[in-house]
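Student: Here it is, the structure, as structure tokens.
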Amino acid sequence: MNGPYYSKSTKDLCAEDPRYTAAGTPEDLYWILRHVWAKDTCAPRMQDRWSEADCTLGHCSVTSFLVQDIYGGEVYGIPLPDGNYHCFNCVNGTDFDLTAEQFRDEELLYTHAYPQKRSVHFAKAEKYERYLKLKKRLEDAL
């Protein structure tokens with residue numbers, strides 16, 4: 001990992017959507033999101049463990065689809081032992097994961113990933129609502 005999130009190099013990536021130019025690079029966005037992620041935007045099954053110190057917990061899919069809105073690219077998921085997927089982004093051949101720090105010392109195998117679809121993730125109304133809430137808070141922060 002480079003810092004608190006996983007990335008090969010994102011310094012040359014910039015927002016495709018002009019509404020998000022102020023987000024800067026994914027690294028810049030990470031530091032903005034640290035002030036936006038909250039217990040109510042965390043996956044419900046993890047909310048009892050969420051804290052400001054572990055603010056990326058339960059935010060992988062909603063964050064990854066928001067990142068896709070900003071920078072384009074694809075969202076991929078790494079299968080987890082509990083049957084869920086941990087989502088991350090790939091833009092112009094660069095993989096990065098702004099919520100990787102929730103795994104602390106675990107090693108995630110980004111090479112064993114599968115494409116993720118919005119339609120599948122957002123079929124759950126609560127997840128779509130969390131995504132919209134996160135998106136609104138980010139827009140307000142920018």
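The values are calculated or read from the model by the stated rules, or taken from the named source; none is laboratory data. Since we're looking at a predicted model, the values are computed, not measured. Ideal geometry is used to build each Cβ from the backbone, glycine not excepted, and the neighbour counts take in all protein chains shown.
Student: For the stretch 66-83, give me the residue count where each residue is touching a helix residue (DSSP H, G or I) at 6+ places or on another chain (Cβ under 9 Å) and on the phi < 0 side of the Ramachandran plot.
Tutor: Total meeting the criteria: 10.
Student: To continue, here is another question. Might you check whether a residue that is more than 16 Å from Asp97 (Cβ to Cβ), at pLDDT below 95 and among the hydrophobic types (A, V, I, L, M, F, W, C) occurs anywhere in the stretch 35-44?
Tutor: no
Student: Tell me yes or no: at least one residue of the stretch 78-94 is among the aromatic types (Phe, Trp, Tyr) and touching a strand residue (DSSP E or B) at 6+ places or on another chain (Cβ under 6 Å).
Tutor: Looking for residues that are among the aromatic types (Phe, Trp, Tyr) and touching a strand residue (DSSP E or B) at 6+ places or on another chain (Cβ under 6 Å), one finds at least one in the stretch 78-94, hence yes.
Student: Looking at Ile32 and the list (1) more than 23 Å from His121 (Cα to Cα); (2) under 14 Å from the mean Cα position of the chain (by Cα); (3) at pLDDT below 95, which single condition is not satisfied?
Tutor: If we test Ile32 against (1) more than 23 Å from His121 (Cα to Cα); (2) under 14 Å from the mean Cα position of the chain (by Cα); (3) at pLDDT below 95, just (3) comes out false.
Student: State all residues of the stretch 64-108 that are in contact with a Leu (Cβ under 8 Å, 6 or more places away or on another chain) and acidic (Asp, Glu); if no residue qualifies, say none.
Tutor: Asp97
Student: Taking the criterion of being among the aromatic types (Phe, Trp, Tyr), out of contact with any His (no Cβ under 8 Å at 6 or more places or on another chain) and at pLDDT 95 or above, would at least one residue in the stretch 61-69 satisfy it?
Tutor: no
Student: Can you confirm whether Asp97 is acidic (Asp, Glu) and buried (at least 19 other Cβ atoms within 10 Å of the Cβ)?
Tutor: Spelling it out, Asp97 is indeed acidic (Asp, Glu) and buried (at least 19 other Cβ atoms within 10 Å of the Cβ).
Student: Out of the residues in the stretch 56-69 that are β-branched (Val, Ile, Thr) and crowded, with 23+ Cβ neighbours inside 10 Å, state the one that is nearest to Lys11 (Cα to Cα).
Tutor: Val67
Student: Would you be able to say whether some residue in the stretch 34-43 is out of contact with any His (no Cβ under 8 Å at 6 or more places or on another chain), free of Cβ contacts under 8 Å to residues at least 24 places away in the same chain and among the acidic types (Asp, Glu)?
Tutor: For the stretch 34-43, residues out of contact with any His (no Cβ under 8 Å at 6 or more places or on another chain), free of Cβ contacts under 8 Å to residues at least 24 places away in the same chain and among the acidic types (Asp, Glu): absent.
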